[in-house]
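Read the figures in this text as sums done on the coordinates, not as results from a lab. Since the structure is predicted, the reported quantities are computational estimates derived from the model, not experimental observations. Note that we place each Cβ from the backbone using ideal geometry, even for glycine, and neighbour counts take in every protein chain shown.
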Amino acid sequence: MIEYSSQRSGAKKDLDVKPPLLRMENISKSFLGVKVLDRVDFTMERAEVVAFLGANGAGKSTLMKILCGVYHADEGRILLDGKQASFNNPLQAYGAGISVVHQESSLIPTLTIIENLFLGREYSRPGGVLDEAAMLKEYETIVGELKSQGMSIIFITHFLDEVKSIADSATVIRDGRIVADHISPSTPIRNIVALMLGKEASERQTYAKASPGPVMMEVRDLTRGNEFSNVSFELRAGEVLGLVGVVGSGKTELARALFGASQSHTGTIRLEGRQLRFKSPAQAVKQGMGMAPEDRKTLGLILEHDIESNISLSSLGDIARYGFINGNKEKNRAADVASRLSIKYVDLKQKIKFLSGGNQQKCVLARWLLASPQVLVLDEPTRGIDVATKEQIYAIVRDLAAKGKSVLYLSGDPAEVLIVADRIMVMQKGRIKRVFDTVPTEDLLLKEMIEVSNE
Amino acid sequence: MSETIANIKSSKARHYKEIVKRYGLLISFFVLSLGISFLTPNFLSAKNLMNILRQSTIVGIMAIGTTFVIIGGGFDISVGSTLALSAALALGLQSSMHWALAALLAVLAGVLIGAVNGFLAAKIHIVPMIATLGTSTIIRGLVYLYTKGYPINGQVPQFEVIGSGYLWGIPVPVIIMVVLVALFQFVLSKTQLGRYCCAVGGNKEATRLAGVSVDFYHMMTFIIGGLMAAISGVVYAARLSSATPLAGQNYDMDAIAAVVIGGTSVSGGEGTVLGAMIGVLLLTVVTNAFNLLGVPVFIQYVIKGLIILVVVGIDSYTKKRPR
């Protein structure tokens, strides 16, 4: 473990007299038996700006949600000005002077990467909305001004560059534990990445990577508004191409454009040599494409319908003859693919909403296995799924590649892309930042993912 | 392992709970009509039962189409006006052509109206209720223009067979209704068209991303709605041998109520034509019983409105209430 000197700034003269502004002690929190926070201690002084860093799922958002009253800690306590505080809802936390500014960026439709938390009892003027697009300078000015008013700020971010100039110190959380507390923000980024990653990368299963065949999909200079720009790549038969990027990097938008789910992009898409422009996903499917969207509950499944019809949805044309559905054929096919993917169910006529998340995701994959497209786009296929099922999904994806299919695998988790992909593209802020033709080390990949390129 | 078994068991229990929730309404209405039958001695007579069946035909045929529209996630309140237009055309065109051709054109008019409704809902993204409110007003206006405000009377006895004839002792409209119910129940549950209509109502975006031409199927639900409304218009014209500009008013609401009573979800995605048919019969039974019991018509309106609100209310509340 590398030693970092502790550095504190702001209101130093009060340090001995007054208790810290905020003290979170021994905070633990579990969701569905999974420990997200494990006895976390976190302290903050007045007029201090702390950058709070951690990989996806490290627990940083959970800690902040406990602080502002969205969640209740299973264990531990929160002290504000030395007095114990307990918030049942965000309004109470707000009343105590804690407010959260969510970054409302069009790049980030569902999740907030950057959340700013303002602490300051007497200075509860609403902090202006900090726009991510605004210049870093502006950030510094605003943060500096708020700080001079005695406000303490926790700054949650993936973008390490922004940390340096703004924060007094950085705290890194990994797997629910603080692994570096109040270290200098000028700590080399590679060291911070190492902290976020953890030194001990666990042993993982590896898959035989196939030798790729001819080019199946060729994308040139694809651009759509401010979602993504000048994206070019080739996807070959029998390969899994990993597309890795944080939420908001533009990868989902890219996948939707490729699949015809969104229109009005510029650039060209060739499928097996033919230049195509899909007006709808229906056309893309006809031309041999498939896509498992990122959010299976709202975009992937018809929750109120049964398992069987959810699985057969994209291949009904093969199952039906002159528009009449052959019930036995449908049932047999669905049962067959369900057993191949070891989907656990009671009855194929059972509503799919009663299946677990992992089994639901497998049903979406089963749908595309039946439709058997040449090019399959998988957007975060393992999100919110347990480790065992993840491994099964990797095996399914590798099996597809072994059968000569082309898979574009989108993920925010570099570890899984390293397992499943033959080649890896890193996407950031709408651009392909780097392409690895051979699988890189995890450290290198994560560094590439979260470091902002200086242009 | 024991955990999975517990999960499976609880999911099965939920499965049954679903069924009870869905058809509970149907069962309670059935009990209600049984009670009525004991109150009114004439109720169970063969003549009265046949009468109930025949009275159900107009709204019954209409409700087949409404089932598709609601399953597809829409609402169609223009079917009453469509009935009026179809009835007026079926009788009015007979002066210049063969009655069969006139009936066919009347039915095609319904298909056209359905296509317009579907286009407005699926392509222009107008909320279906508002879109069909608009077209409903237009159609009613067209009926007034076409009829000049007066009833059109029929003159062709062969045409009237459709509405008041008998085959093997069964009224012809009842036969038409039963055939259409069987046909469209089959379409709904055994064909690609029916499956995709359900899928569109269940989750349009997910269905789109599965590679289905959702706008087409969304439009198809309205086309079937218009088609059925027009057929019911032809039967109506043949039965009464007269088409008034005011024909079919409130029938759309009766059809929607029947469909929902029959277990079709107001939020779309699931339902049956058969259920809708039982819903129509039950509504007719209630009306019939009121008449036999001598309940004034005005009070019947109030009660029918309450029934519709309660039925739709229960369905909406159980689906949308915050957990």
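Brief remarks follow.
- Kirkwood Rh, angstrom, segment A:335-455 [1 / mean 1/r, Cα pairs]: 15.8 Å
- Simple Cβ-charge dipole of segment B:43-320, Lys/Arg +1 and Asp/Glu -1, about Cα centre, in debye nearest 20: 40 debye
- For A:Met425, neighbours were defined as the other residues whose beta-carbon sits under 11 Å from its Cβ, and their charges (Lys and Arg +1, Asp and Glu -1) total +2.
- C-alpha long axis of helix B:79-92 to longest principal axis of chain B, angle in °: 30 degrees
- By the count of other C-beta atoms within 10 Å, a proxy for reagent exposure, A:Glu380, A:Glu145 are ordered fewest to most as A:Glu145, A:Glu380.
- Each stretch of four or more DSSP H residues adds -39500 (n - 2.57); spread over every residue of chain B, this sum gives -26000 deg cm²/dmol at 222 nm.
- FRET efficiency estimate (nearest 0.05) - Cβ-Cβ, B:Ser164 to B:Ile27, R0 30 angstrom: 0.30
- Between the Cα long axis of helix B:99-118 and the first principal axis of chain B there is an angle of about 40°, rounded to the nearest 10.
- Gyration tensor verdict on segment B:58-196 (Cα atoms; rounded if a/c is under 1.5, prolate if a/b is larger than b/c, oblate otherwise): oblate
- Axis angle, to the nearest 10 degrees, between helix B:251-261 and the longest C-alpha principal axis of chain B: 30 degrees.
- Note that segment A:423-430 has calculated 3J(HN,Hα) couplings of 10, 9, 10, 9, 10, 8, 6, x Hz, one per residue in order, obtained from phi through the Karplus relation 6.51 cos²θ - 1.76 cosθ + 1.60 (θ = phi - 60°); glycine and proline are x.
- Distance from the alpha carbon centroid of segment A:355-378 to that of segment B:250-323 works out to 39 angstrom.
- Whether chain B is rounded, prolate or oblate, judged on the alpha carbon gyration tensor where a/c under 1.5 counts as rounded: oblate
- Cα gyration tensor shape of segment B:123-266, rounded if a/c is under 1.5, else prolate or oblate by comparing a/b with b/c: oblate
- Residues B:Met228, A:Met217, A:Met64, sorted so that the one with the fewest Cβ neighbours within 10 Å comes first: A:Met64, A:Met217, B:Met228
- When A:Ser339, A:Ser264, B:Ser265, B:Ser232 are sorted by how many other C-beta atoms sit within 10 angstrom of their C-beta, beginning with the fewest, the order is A:Ser264, A:Ser339, B:Ser265, B:Ser232.
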